[in-house]
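Bear in mind these aren't lab numbers, they're just calculated from the coordinates by the rules spelled out. Predicted model only: the values in this text are computed from it and were never measured. Cβ placement follows ideal geometry from the backbone for every residue including glycine, while neighbour counts extend to all protein chains displayed.
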Amino acid sequence: MINTNVKTILTRGLLLGSIGLGFGANAEVLQANELVSAVEQNMSEQAQEILTGAKRELTLSLRTQLAESIYDFNQNAEASKASEMPQSETLAVNAKQKD
């Protein structure tokens, strides 16, 4: 994905450079340093966007995994608590839940 973004940015930079050259002798031509600087700036912005998206996806993934782990832990805790209750208490709890 990064290679694709780099190629896109370089293509845009070269296209802009060639358009600048095509306007004639009176047109201001971008200097090579200016073009390189613009390409570097675009690459930096693209890289920052990619890192921000990756960070967001990682955070969401970790939150989801944590929520699933907490849910599983609570289910296991309830199951073990229910298995430790005497038979009469289990029936009473089940009866309350049905009401």
Quick one: net charge around Thr64, please, counting Lys, Arg +1 and Asp, Glu -1 for every other residue with C-beta under 14 Å from its C-beta. -1
Calculated FRET value between Gln31 and Leu58, using beta carbons and R₀ = 30 Å, to 0.05: 0.15
Mind ordering 32-39, 53-60 by average Cβ neighbours within 10 Å, highest first? 32-39, 53-60
